[in-house]
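K.L.:
Quick one: structure below, then a few questions.
The values are calculated or read from the model by the stated rules, or taken from the named source; none is laboratory data. Remember, it's a predicted structure, so these values are computed and weren't measured experimentally. Here Cβ is always computed from backbone atoms with ideal geometry, including for glycine, and neighbour counts include all displayed protein chains. Please note that ligands, DNA and RNA were not included when accessible areas were found on the heavy atoms of the full protein model with its side chains. Shrake-Rupley method; radii C 1.70, N 1.55, O 1.52, S 1.80 Å.
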Amino acid sequence: MTIPRRVLWSAALKGAAGLAFAFMLLPLALVIWLAFFRGEIIVFPPEGYSLHWFASIWEKRQFVDGFVTSLQVGLFAMVGGLVLGIPASFALARTVFRGQEALNTLLLLPLVVPGIVIGTSLYIYFVEVEIATELQMNASLPGLALAHIMITIPWVVKLIVANLLGVKREIEEAAMTLGANRWRTLTRVTLPLIRPGVVAAALFSFVVSFSNLEISLFLVGPGRLTLPIAIMQYLEWKLDPSIAAVSVVQIAIVAAGMLITDRFVRLSQVV
Amino acid sequence: MSAGALTSDATAARARRRFGAAGLITPATLLVVLILLLPLLLLFRYSLNRFEPGQFMVEALTVENYVNLVTDSYYRNVMLTTLWVAASCTLICIVAGFPAAYVLARARSRWKSILLLAVVLPLFVGNAVRAAGWMVLLGNRGVLNSSLTWLGVIEQPVQIMYTPLAVVIGITAVNLPFVVLTMQSVIESIDRALEEAALSLGAGPVRTFFKVTLPLAMPGVIAGTILSFILGMNAYATPVLLGGPQFQMMAPTVYKRIVEQANWPFGAALAFLLMAVTLILSTVSHLLVQRHYRRTMARAEPAH
């Protein structure tokens with residue numbers, strides 16, 4: 001009996017796909033494995049396993065401080081992104097005005113300009129602002145927060161506009177005809193209908209900010225590091241199970257954000 | 001009510017709505033202008049200044065920084081390295097990513113969410129963390145060298161870390177999720193009936209794949225290629241961590257010039273070049289994909 005060629009071809013495709021998936025997940029799996037090694041000197045196979053590297057995270061100030069900074073910046077980015085991005089999305093999806101196309105492109109621009117270029121230009125700009133106003137911008141929370149709010153705007157706009165276009169105008173018009181005013185229609189009808197998009201936009205803004213490296217790189221300073229930068233600086237110097245444990249914490253937070261987002265919107269429509 | 005009153009009422013409503021729209025979109029626009037556009041303009045202006053060692057930056061209007069980028073052999077090498085690394089990673093991403101994108105696009109709902117998460121998760125776990133994973137595998141006493149030594153294949157560890165190979169592996173892994181997602185969204189929209197028709201008309205599965213599926217998926221392949229190339233050119237963490245201090249690509253060089261050496265004019269020129277190439281490639285990608293769709297549509301139209 002010969003196996004049909006269609007089955008063979010399908011198996012070959014699936015095998016190749018499996019290799020690609022393994023290639024994407026392998027580095028994460030290896031980092032997670034390393035976090036449980038007992039000894040500080042890395043040898044394969046390990047001498048034994050232990051959880052003590054997770055406890056040791058608390059002794060390394062730069063990671064705790066970095067985590068707190070990343071959390072603060074992430075929350076600012078999330079709230080700021082929603083506060084600025086949701087009204088802008090209403091203007092783009094619910095009204096028609098001249099120059100709309102250009103403004104849409106402008107709001108999506110932070111996604112197109114490379115992070116390293118945004119970081120470079122902001123660093124120079126903030127130095128000039130510091131000279132002009134004597135406010136500290138570089139290596140400060142406000143500087144980081146402003147930059148991170150800016151990079152969340154395209155994500156919020158993309159998600160909310162897509163959501164708004166899916167809401168039928170007739171439902172809102174029906175509410176108005178039945179006597180609800182604009183504000184009531186907005187809060188009782190439209191916002192509940194786009195809630196999945198709002199939740200996804202909030203989580204995504206947080207994750208985009210929390211994992212940003214290239215822009216933060218220029219805006220951090222001694223005593224004001226974000227978690228990805230603290231990880232990066234440590235890795236330039238050495239690799240050990242303690243940094244793997246810190247990485248596992250980051251992976252867990254991002255994974256939780258993704259899993260919750262996935263419950264509200266289809267991830268394939270977001271990215 | 002006269003027709004005139006009606007129009008003026010409608011005009012007033014339209015005007016109100018327009019001001020409403022302006023009020024809604026202005027704050028976000030202002031932030032992007034102040035925190036993105038103005039800094040970029042400043043960056044461009046500074047790229048035309050002159051760097052004098054010892055006195056930081058001298059006001060000027062010169063293109064010598066841009067000329068230096070091409071004439072100085074050191075920077076030419078940095079750019080050539082960046083280009084060939086980005087190109088090799090892109091090639092591997094497309095070839096390795098297509099089957100994954102195809103399987104993902106054709107997977108049934110439950111499997112599909114699991115596979116999608118498997119692609120999206122690495123995307124948002126920082127590049128530094130993933131570089132750490134590759135260090136575990138590729139280091140001199142890493143998993144690979146330890147296993148090969150234990151098997152007796154090699155006696156001395158093979159140096160992979162801090163070589164271009166390690167950087168290509170790292171950047172490929174970073175870009176692959178983006179490429180897979182880009183191609184899967186196009187493959188998803190290909191009508192399955194077209195493949196079924198080719199198969200039932202006697203084309204083998206391989207022939208169907210290359211003559212039907214692949215041509216229809218070309219917009220995804222084009223978009224994925226350009227996206228991967230852009231990401232590869234702008235890579236920062238992977239070349240620094242896996243390539244080591246000797247390995248020079250454009251993004252780390254920008255950081256060094258600006259922050260470590262305070263050579264703003266030159267760093268600005270390098271950053272601006274990086275952005276210009278990125279924006280041009282994005283636009284080309286957009287136009288190519290659109291043109292491809294228009295052509296396919298035109299061919300699909302019945303003849304009159």
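K.L.:
Please find the FRET efficiency linking B:ARG76 to B:SER147, where r is the Cβ-Cβ separation and R0 is fixed at 45 Å, and quote it to the nearest 0.05.
P.N.:
The value I calculate is 0.70.
K.L.:
Further, regarding this structure: Over segment A:3-62, one equal point on each Cα, no solvent: what is log10 I(q)/I(0) by the Debye formula at q = 0.21 Å⁻¹?
P.N.:
-0.87
K.L.:
Moving to a separate point now. So which GluC sites (Glu not before Pro) in segment B:130-231 end up in coil per DSSP with only 12 or fewer other C-beta atoms within 10 Å?
P.N.:
Loop-located and lightly packed - B:GLU155.
K.L.:
Using a 1.4 Å probe on protein heavy atoms, which residues of segment B:78-119 have at least 30 Å² less accessible area in the complex than alone?
P.N.:
Residues of segment B:78-119 that lose at least 30 Å² of accessible area once the other chains are added: B:PRO99, B:ALA100, B:VAL103, B:LEU116, B:LEU117, B:ALA118.
K.L.:
Under 10 Å, Cα contacts only: if you run a Gaussian network model on chain B, which one of B:GLN290, B:GLN159, B:GLN55 comes out with the highest mean-square fluctuation?
P.N.:
B:GLN55
K.L.:
Now for a different question. Are there residues in segment A:229-244 whose accessible area shrinks by at least 50 Å² when all protein chains are included rather than the chain by itself, and which are they (probe 1.4 Å, ligands and nucleic acids not counted)?
P.N.:
Output list: A:MET232, A:LEU235, A:LEU239.
K.L.:
Oh, and also: Treat segment A:73-200 as a sphere of radius equal to its Kirkwood radius over Cα pairs and apply Stokes-Einstein at 10 °C in a medium of 1.306 mPa s; give the translational diffusion coefficient in µm²/s, rounded to a whole number.
P.N.:
Calculated translational D: 96 µm²/s.
K.L.:
Same structure again: Against the 2.2 N^0.38 Å scaling, with N counting residues, where does chain A land? I'd like the Cα-based Rg ratio to two decimal places.
P.N.:
Here the Cα radius of gyration is 1.26 times the empirical estimate.
K.L.:
Report Rg(Cα)/(2.2 N^0.38 Å) for segment B:38-151, keeping two decimals.
P.N.:
Relative to the 2.2 N^0.38 Å estimate, segment B:38-151 comes out at 1.71.
K.L.:
Please compute, for the alpha-carbon atoms of segment B:63-215, the extent along each of the three principal axes and give them in descending order in Å.
P.N.:
Answer, in whole Å and largest first: 56, 55, 30 Å.
K.L.:
Right, something else. Report the relative contact order of segment B:74-300, percent, no decimals, based on alpha-carbon pairs under 8 angstrom and at least 6 residues apart.
P.N.:
28 percent
K.L.:
Limiting things to C-alpha atoms, what are the Rg and the maximum Cα-Cα separation (Dmax) for chain B, in angstroms?
P.N.:
For chain B, the Cα-based Rg and Dmax read 25.8, 97 Å.
K.L.:
Separation between the A:LEU111 and A:ALA22 pseudo-spin-labels, each 7 Å from Cα along Cα→Cβ, expressed in nm?
P.N.:
3.4 nm
K.L.:
Over chain B, with a Gaussian network built from C-alpha contacts below 10 Å, which listed residue (B:PRO39, B:PRO177, B:PRO122) shows the highest mean-square fluctuation?
P.N.:
Highest fluctuation among the options: B:PRO39.
K.L.:
If I model a spin label at B:PHE56 and A:GLU130 as a point 7 Å from the Cα along the Cα→Cβ vector, what separation in nanometres do I get?
P.N.:
1.1 nm
K.L.:
Report the FRET efficiency, 1/(1 + (r/R0)^6), for A:LYS60 and B:ALA87, where r is their Cβ-Cβ distance and R0 is 35 Å, rounded to 0.05.
P.N.:
Using R0 = 35 Å, I get an efficiency of 0.35.
K.L.:
Quickly estimate the mean residue ellipticity at 222 nm for chain B, helices only: each DSSP H run with n ≥ 4 gives -39500 (n - 2.57), and the total goes over all residues, rounded to 500.
P.N.:
-24500 deg cm²/dmol
K.L.:
Return the Cα extents of segment B:167-266 along principal axes one, two and three, sorted largest first, each rounded to a whole Å.
P.N.:
Each principal axis gives a Cα extent; for segment B:167-266 these are 66, 24, 15 Å.
K.L.:
If one computes the Cα centroid of segment B:172-199 and of segment A:1-24, what distance in Å separates the two points?
P.N.:
So the two Cα centres are separated by 15 Å.
K.L.:
Moving to a separate point now. Carbon-plus-sulfur fraction of the accessible area of the protein assembly as shown, 1.4 Å probe, in percent?
P.N.:
66 percent
K.L.:
Would any residue of segment A:217-249 have its amide N under 16 Å from a label point 7 Å out along Cα→Cβ of A:GLN72? List them or say none.
P.N.:
Residues A:219-230 qualify, since their backbone N sits under 16 Å from the label point.
K.L.:
In square angstrom, what is the accessible area per residue of chain B with a 1.4 angstrom probe?
P.N.:
In whole numbers, chain B has 49 Å² accessible per residue.
K.L.:
Sum up the charges of everything whose Cβ sits under 14 Å from the Cβ of B:GLN246, counting Lys and Arg as +1 and Asp and Glu as -1, but leave B:GLN246 out.
P.N.:
Net of charged neighbours comes to 0.
K.L.:
Below 8 Å, C-alpha to C-alpha, sequence gap of six or more: please give me the relative contact order for segment A:56-159 in percent.
P.N.:
Over segment A:56-159, the number comes to 47 percent.
K.L.:
Right, another one. In chain A, which whole DSSP H runs stretch at least 27 Å along their own axis (Cα) and average 1.0 or higher on the Kyte-Doolittle scale?
P.N.:
A:5-34, A:61-94, A:141-166, A:241-264
K.L.:
Follow-up. Calculate the all-directions average of the projected area of the protein assembly as shown's alpha-carbon convex hull, and give it in nm².
P.N.:
36.6 nm²
K.L.:
Using a 7 Å offset from the Cα along the Cα-to-Cβ direction at both B:GLN246 and B:GLN290, what is the distance between the two label points in nm, to one decimal?
P.N.:
Inter-label distance under the simple model: 4.7 nm.
K.L.:
Rounded to a whole number, what is D in µm²/s for segment A:119-270 from Stokes-Einstein with the Kirkwood radius over alpha-carbon pairs (25 °C, 0.890 mPa s)?
P.N.:
134 µm²/s
K.L.:
Any idea of B:HIS286's accessible area? Nearest 10 Å², probe 1.4 Å.
P.N.:
The value for B:HIS286 is about 110 Å².
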